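What follows draws every value from the coordinates through simple rules; no lab data is involved. In this text, all values refer to a predicted model and were calculated from it rather than measured experimentally. Neighbour counts run over all protein chains shown; Cβ positions are idealised from the backbone, glycine included.
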Ligand SMILES: *Cc1c(COP(=O)(O)O)cnc(C)c1O
């Protein structure tokens, strides 16, 4: 039942109102609309998936791409202070399941009198100082889409503190179309184009194609913004029932990888260790010669990715915007993400460790060879 999902989500995220939506992208657009943010600038972290700036653009606002903090991969409050003077809202993303300095962002938004939207598309179940993520923002947005923590391939939720905001979300959502089967293909095509541009143009030549990618994003409106499909209710209910099991399973896989990697002396990799209370979307490493390793692993059909490159470059030309986000750029160049969801088992993780230790040997071999030569 929808009502019982709404109640569960409000309880889980300590919010007052909940409305199920077609996906988190629609959720972000509805949240901005319901908060009355239009024709304004909206701060987002630059190390995120394209859906976040695309949602800002589709809501009739302009993203301001803020650098991230190397500690938690969330919005850098220092950079927000220095470049966010004229923003009308902040979207805080708990990227990679890592909890950022959300209490600091709450303080910032209170002090400046602007709304805070929490995006927990990949962090459902995480806590910051013992308090559930999704409970800090004026509005919180959840996803049940592909690759998320509760993955049913459709849907999301918008949770709000105030009744008036919730009512506005419901009213705006009522104007969206129902989800059509063709939409899935259009969204997949857009996401493939993002990957293709990444492979072919990132980072130095993206300015050649960013205008056309932005036009594609804007043209996606009728395919990416849609209402919730009630046929997913029972899948979401059982996902919510299993949430703590899912999170424990992910954490177990991560701690196994950490232990095995330490034993394998894969010294060329640095494990990203998120703050306490974080959950694991994927297992993240920073690696020198990342692209060599990535190509090798993809060739061998491992489940890996190198998300997220700084997203501004896909949508804007830096020579015009002057965006400067060195931490996000550096993370984007060195990060590699390994699946730790139900698609992978411990045998598979052993293969991952084997590949990583062979990579480390190759790197060491190359270094020694260089010295000897
Ligand atoms: C996936 C994702 C979204 C979009 O979620 P959908 O439900 O696929 O629209 C938004 N924000 C973040 C951080 C995401 O990872």
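Sorted by packing (mean other beta-carbon atoms within 10 Å per residue), highest first, where do 56-64, 86-94 land?
In decreasing order of mean packing, 56-64, 86-94 become 86-94, 56-64.
How far, in degrees from 0 to 90, does helix 346-372 lean away from the longest principal axis of the Cα atoms of the chain, to the nearest 10?
Tilt relative to the chain: about 50 degrees.
Using Cα atoms only, what is the angle between the long axis of helix 210-219 and the major principal axis of the chain, expressed in degrees (0 to 90) to the nearest 10?
Between helix and principal axis, roughly 40 degrees.
Please list 163-169, 142-148 highest first by mean number of surrounding beta-carbon atoms within 10 Å per residue.
Numbers: 163-169: 17.1, 142-148: 22.4.
Peptide ranking by packing, descending: 142-148, 163-169.
Give the order of 182, 316, 237 when sorted by the count of other beta carbons within 10 angstrom, beginning with the fewest. Provide the component values of the computation, followed by the final result.
Details: 182 9, 316 22, 237 16.
Taking fewest neighbouring Cβ atoms as first place, the list is 182, 237, 316.
Quick one: helix 24-34 against the long Cα principal axis of the chain, what's the angle to the nearest 10°, folded into 0 to 90?
That helix lies at roughly 40 degrees to the long axis.
Taking the chain, how much of its Cα-Cα pair set, in percent, is spaced more than 28 angstrom apart? Please list the in-between numbers first.
Working: 30278 of 69378 pairs.
Tail of the P(r) past 28 Å holds 44 percent of the pairs.
Using the count of nearby Cβ atoms within 10 Å as a rough guide to exposure, how do 218, 358, 313 rank from fewest to most?
218, 358, 313
How many angstrom lie between the Cα centre of segment 323-342 and the Cα centre of segment 101-175?
23
Just report the Cα centroid separation between segment 245-285 and segment 193-207, whole Å.
Segment 245-285 and segment 193-207 have Cα centres separated by 29 Å.
For 280, 232, 348, what's the fewest-to-most ordering of other Cβ within 10 Å of each Cβ?
348, 232, 280
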